[in-house]
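Below: the structure, in structure tokens.
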Amino acid sequence: MRSKDLAQIALFAALMVVLGFIPAVELPLAPAPLTSQTVGVLLAGSILGARRGGLALLLFDLLVVVGLPVLPGGRGGLGVILGPTGGFILAWPVAAFVVGLLTERLWHRYNLGTALACNAVGTLTIYAIGIPWSAVVAHLPAWRAIEVSAVYVPGDIIKLIICSVVAVRVRRAYPLIEART
Amino acid sequence: MLGLHHPGHSPLHRSPAGVKLLTLLAVSTVVFFLEDLRILAGGLLLAGSLYAVAGIPWRTAVRQSTAVVPVTLLFMAAQWVLVSWHAAAAIGLRIAVVVLLANLVTLTTPTSDMITAVERALGPLRRFGLRPERVGLAIALTIRFVPVIAEQARLVRQAQRARGVRFSLAFLTPLLVRTLRMADGLGEALDARGWESSAQ
């Protein structure tokens with residue numbers, strides 16, 4: 001890995017920390033606060049690609065694990081990871097990797113449409129890991145956990161539109177991904 | 001380093017980070033399969049007394065653990081409705097024990113020790129081309145980048161306001177391009193100082 005890659009990975013991990021400063025909206029019935037940090041997850045995959053994007057989020061998760069207060073509301077530490085919402089946080093590196101992989105494949109035809117598709121799959125990846133995790137930790141039937149998580153959908157749609165618009169613009173101004181076929 | 005660590009000299013503070021992490025892993029796995037409310041309540045009592053041993057003030061303990069309270073209550077309510085009060089109590093106790101213990105590890109271990117433990121745990125990944133010693137540098141870079149991004153965000157906002165743009169989605173694009181350029185410059189500086197070769 002080149003030093004440049006390392007710096008880019010650290011930059012996106014730092015972007016996650018900065019996004020965590022934006023106050024999270026606590027929804028009364030949702031398992032986790034509505035956070036702008038998912039924007040960072042999708043952007044990391046869309047702009048850095050699979051490997052660097054995934055590593056950036058892995059690095060961020062490491063900051064959480066070692067006890068730095070980098071989650072919304074100054075949360076952090078192992079308690080959050082082992083708690084009912086830990087799956088969402090652990091899903092972030094996977095989601096960034098998936099978004100990155102799709103973006104690399106579609107790099108030559110990358111536009112708002114394909115960007116939306118990549119980011120939508122990334123968002124679904126977060127659900128696919130986070131929801132079963134909370135179902136298992138809380139011994140809850142899956143359908144109930146899905147119901148509880150439905151509150152996130154509108155916010156996530158807005159977030160993935162924002163990310164797609166920005167990703168297309170950054171690709172034009174400062175492309176960093178090498179296409180993969 | 002700024003963190004959630006609460007300094008102290010108790011036996012819990014002095015035991016190695018790796019031991020604490022492995023114990024936590026083992027205990028939380030066992031707790032997960034416990035059904036007996038009396039044993040779970042005993043576990044909660046034990047976790048609470050460990051806080052006393054570690055000399056953590058109750059305020060700090062509460063502040064650390066309140067984040068999971070609303071979601072735990074929600075899950076307990078669901079269990080009560082769907083299964084029984086017994087199941088709801090078991091869930092509540094289980095989450096409380098695991099979260100309290102996990103936070104205790106976080107509170108009694110300095111961030112730098114945690115990083116060292118993580119680097120050691122990543123050791124076996126060396127054969128896949130990962131160099132654990134780079135993890136420390138990556139963490140340091142991340143912490144350095146946080147105020148840089150915040151400052152750049154302020155500058156971009158200022159520039160846009162000067163042009164009469166009140167709020168625009170276009171805000172994120174210049175911020176990312178600017179900071180990515182800075183990151184690339186920093187990567188080049190690392191190479192120029194021979195960091196790559198010295199870390200072999």
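The values are calculated or read from the model by the stated rules, or taken from the named source; none is laboratory data. Worth saying up front: this structure is predicted, and the values here are computed from it rather than measured. Cβ coordinates were reconstructed from backbone atoms using ideal geometry, including for glycine residues, and neighbour counts include every protein chain displayed. Areas reflect the complete protein model, heavy atoms only, side chains present, ligands, DNA and RNA absent. Shrake-Rupley method; radii C 1.70, N 1.55, O 1.52, S 1.80 Å.
Here are the numbers:
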quantity: Options A:TRP143, A:TRP133: the member that is under 28 Å from B:VAL30 (Cβ atoms) and open to solvent by 20 Å² or more (accessible area, probe 1.4 Å); calculated: A:TRP133
quantity: Subset of the range A:137-163 [basic (Lys, Arg) and under 22 Å from B:ARG94 (Cα atoms)]; calculated: A:ARG144
quantity: Residue in the range A:72-87 that is in a strand (DSSP E or B) and crowded, with 24+ Cβ neighbours inside 10 Å present; calculated: no
quantity: Elements of type helices (runs of 4 or more DSSP H) contained in the range B:101-200, each with 1 or more residues being touching an Asp or Glu at 6+ places or on another chain (Cβ under 8 Å); calculated: B:111-121, B:132-162, B:172-192
quantity: Candidates B:LEU104, B:LEU125, filtered to the one that is open to solvent by 20 Å² or more (accessible area, probe 1.4 Å) and of a type in the set (A, V, I, L, M); calculated: B:LEU125
quantity: Matching helices (runs of 4 or more DSSP H) fully within the range B:22-89 where at least 1 residues are more than 10 Å from every other protein chain (Cβ to nearest Cβ) and within 20 Å of B:GLY8 (Cα to Cα); calculated: B:37-54, B:58-65
quantity: Hey, A:ILE161 over 20 Å from A:ARG52 (Cα atoms) and under 16 Å from the mean Cα position of the chain (by Cα) or not; calculated: yes
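Matching residues to (1) under 30 Å from B:ALA54 (Cβ atoms); (2) more than 7 Å from every other protein chain (Cβ to nearest Cβ):
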{"site": "B:ALA121", "(1), (2)": "yes, yes"}
{"site": "B:GLU133", "(1), (2)": "no, yes"}
{"site": "B:VAL148", "(1), (2)": "no, yes"}
{"site": "B:ARG154", "(1), (2)": "no, yes"}
{"site": "B:ARG157", "(1), (2)": "no, yes"}
{"site": "B:GLN160", "(1), (2)": "no, yes"}
{"site": "B:THR173", "(1), (2)": "no, no"}
{"site": "B:LEU176", "(1), (2)": "no, no"}
{"site": "B:GLY185", "(1), (2)": "no, yes"}
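The rows are residues; the columns are (1) of a type in the set (Gly, Ala, Ser); (2) more than 18 Å from the chain's Cα centre (by Cα); (3) over 30 Å from B:LEU141 (Cα atoms); (4) open to solvent by less than 30 Å² (accessible area, probe 1.4 Å).
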site: B:PHE32; (1), (2), (3), (4): no, yes, yes, no
site: B:ALA41; (1), (2), (3), (4): yes, yes, yes, no
site: B:THR60; (1), (2), (3), (4): no, no, no, yes
site: B:LEU93; (1), (2), (3), (4): no, yes, yes, no
